[in-house]
Each structure stands twice: as structure tokens, then as C-alpha cells.
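**Student:** Take a look at this one; I'll ask things after.
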Amino acid sequence: MSRRFLSIGECMVELSQAGDGLLRKGFAGDTFNTAWYARACLAADWSVDYFTALGDDAMSDEMLAFIDKAGIGTSLIRRIRGRSPGLYMINLKNGERSFSYWRDSAAARSLAADPDRLREAVESADVVYFSGITLAILPHEDAETLLAEVRRAKAAGKLVVFDPNIRPRLWSSYDVMHTTISEGARSSVIVMPSFDDEAAHFGDDSIEATIHRYRALGAIHIVVKNGSDGVTLNFAGEQTFVPAEKVEKVIDTTSAGDSFNGAFLARYLEASDAPAAARFATKVAARVVSEHGALVPREKLGLDGG
Ligand code: ADP
């Protein structure tokens, strides 16, 4: 029987500079990017589904078609009349990238507003993936609904995976951010933080401190990503360090962490060998940072020995 990887969150319309004042349209978002790389790396007996909410406009139709074309299931996606997807623009000034967002009224903010539908989706999955961004965009009550659902999934023995992906500007206060992200970790089996975010926003002075904090909350396995300085795994207390791959020329680090998570989980689900999964994921992430854009096509990931 086919098994299901379910990723929950927001995919946005992405506008990037295409020269001569022109803009190029794409689609991306942390949990969607991870679903993309999980799909690229998982065997065909796994289905990968995305859970979000979209509107009923042309842009929502286009995004849905894009997700579907990527081989990612769309049947659980909620459509809401009169709403639209969120949008962000990548600005380039003197080689420096900055981002502008229009996402306050995005349909995805209502992804947990239909609790029955959310429950049905989570119950249908073997693996449930969500992030701090997923929690941050939801109204407080809906974030509680989502957390209750993933706690239920964890108790039922499903693999619940959480990337804190800390983005302070999405949260109403540091207090709410700390409490809700901690609750996300507590409700999960695997937590996959990025050390620089944890140091900046939780004040961790070492990778050990990050691991200790999340394990003390009740997460069972921790994977701490640290850019070109490698990855530290703590699986049920056993610690392993995996160095990053050497990259000749870093082109674009967008979705390095998201691609690492998708590739890591794909391999881990196949063989339950976390260090081997991390070695594989550092190779995929190295390819991703060597290319432009968040979503690097499967052919460029070197999966078939290429
Ligand atoms: P995030 O994008 O979430 O901040 P990281 O920057 O830690 O995550 O990157 C995730 C993974 O991507 C790292 O664990 C590493 O394997 C790979 N990676 C990121 N930046 C580089 C780099 N400059 N060189 C090689 N690998 C990298």
C-alpha cells in the first residue's frame, strides 16, 4: 500500500527580477519546497501531498496546476471563495537580495479553519511535516487546532516533523513566537532547526544547547543544520556530526534548509539510518545552493549518479 508524506503550510507566488524591469513568476514557500525535494527523492510507492488553502482566482488555479505537475497531491487543498494566494518579490540591489511580502490576507492563513478537513488529511498520512512559518501565519486559535492535530498524530505513532524556521516579523511578539515554536517542537518526533536562527532568537550559545532545549521539550530526534559548517544529529540521544559538502561556487542559498529536510526525510523513511540520510541530504543541498531559485529540478540534483 502506498504511504503518504503530508506537508502543511503556505506556498506563495514568487516574483523575481528578469531584467529590463520585467518580473518572472514562480511558486515557492518553505513547506512546499520541502515537499518538492521529498517528492524528488522518495520512491514511487510514496505519495507526497500538500495541505494548504487557496482561493478561487486564476492565480490559485495556476498554483494548483503547478503543484500537481510536480507530482505532489492536491486533493486535500482547500479552496476558499474570494481569496488569493500570498505573494513575495525578490529585489536585487548591488547584488544583495531583499524580500517584499504581500501575504497578510493570503488564503493559506485559513488552512486550519476547517478542523474536520485538517484532521482527515493528518489521519490519512504516515508522515506529517510543518514549520514555524506554518504556525506563524495562522490566527492563534487555528495554530492551537493544528498543534492539537499533530500531537494526536504523534500519539498515534505517526512521524511528525517540525522545522522551527524562525521568522520574527511573522509573529506578533517574541513571547508568542517562543511559546508557539516550543509547542511545535514538543508535538513532534523530529525537529530540524537551523543553528543560526536558534542562536539569534533563542539565545543558544552552542549546537549542544539547541539539542538540549528541544530534547527537554519532548522532541525525540534533533537535526541541527549549520550551513557550510555541517549538520549535527541527535537520534534518541546518540550524536553524530556530518560535514557539509564542499561547494565550489555558492549561487543561491534559498531553500538550502528546505531541500536538506526533504532529502533527509526521503532517505530516512527508506532505511531509518539517520547519518546516511544526512550524508545524502548534504549532497542534495550542495546541488541546490549551486543553482538559482528555490526549486531545483530533479535532473539537476545528481540523484541517479549524475
Ligand atoms: P537554512 O537554509 O535553513 O538556514 P542551512 O544554511 O543550515 O539551512 O543549510 C542547510 C544545509 O544546506 C546545510 O546543512 C548544508 O548541508 C547545506 N549548505 C548550506 N549552505 C552551504 C554552503 N555554503 N556550502 C555547502 N553546503 C551548504
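The values are calculated or read from the model by the stated rules, or taken from the named source; none is laboratory data. Everything numeric here is computed off the predicted structure, so don't read it as measured data. Virtual Cβ from ideal backbone geometry, glycine too; neighbours counted across all protein chains shown. In case anyone asks, the SASA skips ligands and DNA or RNA and just uses the protein heavy atoms, side chains included. Shrake-Rupley method; radii C 1.70, N 1.55, O 1.52, S 1.80 Å.
**Student:** Scan segment 112-132 and tell me whether some residue there is assigned to a helix (DSSP H, G or I), open to solvent by 60 Å² or more (accessible area, probe 1.4 Å) and in contact with a strand residue (DSSP E or B) (Cβ under 7 Å, 6 or more places away or on another chain).
**Tutor:** Within segment 112-132, one or more residues are assigned to a helix (DSSP H, G or I), open to solvent by 60 Å² or more (accessible area, probe 1.4 Å) and in contact with a strand residue (DSSP E or B) (Cβ under 7 Å, 6 or more places away or on another chain).
**Student:** What residue, of Ala40, Ala35, is in a helix (DSSP H, G or I), within 22 Å of Leu135 (Cα to Cα) and in contact (Cβ under 8 Å) with a residue 24 or more places away in the chain?
**Tutor:** Matching residue, one of Ala40, Ala35: Ala35.
**Student:** If we keep just the residues of segment 134-156 that are of a type in the set (Gly, Ala, Ser) and closer than 20 Å to Asp116 by Cα, which is most open to solvent (accessible area, probe 1.4 Å)?
**Tutor:** In the first step, residues of segment 134-156 are kept if they are of a type in the set (Gly, Ala, Ser); the result is 136, 143, 148, 153, 155-156.
Retained after the next criterion (residues that are closer than 20 Å to Asp116 by Cα): 143, 148, 153, 155-156.
Details: Ala143: 6, Ala148: 44, Ala153: 4, Ala155: 92, Ala156: 76 Å².
Taking the candidates together, the pick is Ala155.
**Student:** Next question. I'd like to check something: does segment 67-74 contain any residue that is loosely packed, with under 14 Cβ neighbours inside 10 Å, assigned to a helix (DSSP H, G or I) and not β-branched (Val, Ile, Thr)?
**Tutor:** Quick first cut of segment 67-74, residues loosely packed, with under 14 Cβ neighbours inside 10 Å only: 69.
Now drop any that are not assigned to a helix (DSSP H, G or I), which leaves 69.
With not β-branched (Val, Ile, Thr) added as a condition, the list becomes 69.
Yes, segment 67-74 contains at least one residue that is loosely packed, with under 14 Cβ neighbours inside 10 Å, assigned to a helix (DSSP H, G or I) and not β-branched (Val, Ile, Thr).
To keep it simple, each residue is scored yes or no on (1) open to solvent by less than 20 Å² (accessible area, probe 1.4 Å); (2) under 13 Å from Ala107 (Cβ atoms); (3) assigned to a strand (DSSP E or B).
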{"position": "Gly21", "(1), (2), (3)": "no, no, no"}
{"position": "Ala44", "(1), (2), (3)": "no, no, no"}
{"position": "Asp49", "(1), (2), (3)": "yes, no, yes"}
{"position": "Leu64", "(1), (2), (3)": "no, yes, no"}
{"position": "Arg83", "(1), (2), (3)": "no, yes, no"}
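Conditions (1) within 15 Å of the ligand (Cβ to nearest atom); (2) buried (at least 17 other Cβ atoms within 10 Å of the Cβ); (3) within 21 Å of Phe162 (Cα to Cα), marked per residue:
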{"position": "Ser228", "(1), (2), (3)": "yes, no, no"}
{"position": "Val250", "(1), (2), (3)": "yes, no, no"}
{"position": "Ala263", "(1), (2), (3)": "yes, yes, yes"}
{"position": "Glu270", "(1), (2), (3)": "no, no, yes"}
{"position": "Ala294", "(1), (2), (3)": "yes, yes, yes"}
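**Student:** Please verify whether Arg97 is basic (Lys, Arg) and either at pLDDT 95 or above or touching a helix residue (DSSP H, G or I) at 6+ places or on another chain (Cβ under 7 Å) (or both), treating the condition exactly as stated.
**Tutor:** Numbers: basic (Lys, Arg): yes; either at pLDDT 95 or above or touching a helix residue (DSSP H, G or I) at 6+ places or on another chain (Cβ under 7 Å) (or both): no.
So Arg97 fails the test.
**Student:** List the residue pairs whose Cβ atoms are under 7 Å apart, where the first residue sits in segment 279-291 and is near the ligand (Cβ under 7 Å from one of its atoms), the second is among the charged types (D, E, K, R) and modelled with pLDDT under 95, and the two are 6 or more positions apart or on different chains.
**Tutor:** Once the first residue is near the ligand (Cβ under 7 Å from one of its atoms) and sits in segment 279-291, its partners that are among the charged types (D, E, K, R) and modelled with pLDDT under 95 give Val289/Asp252.
**Student:** Now, a different point. Restricting to segment 85-98, name every residue that is open to solvent by less than 80 Å² (accessible area, probe 1.4 Å) and under 23 Å from Trp36 (Cβ atoms).
**Tutor:** Passing the criteria: Pro85, Gly86, Leu87, Tyr88, Met89, Ile90.
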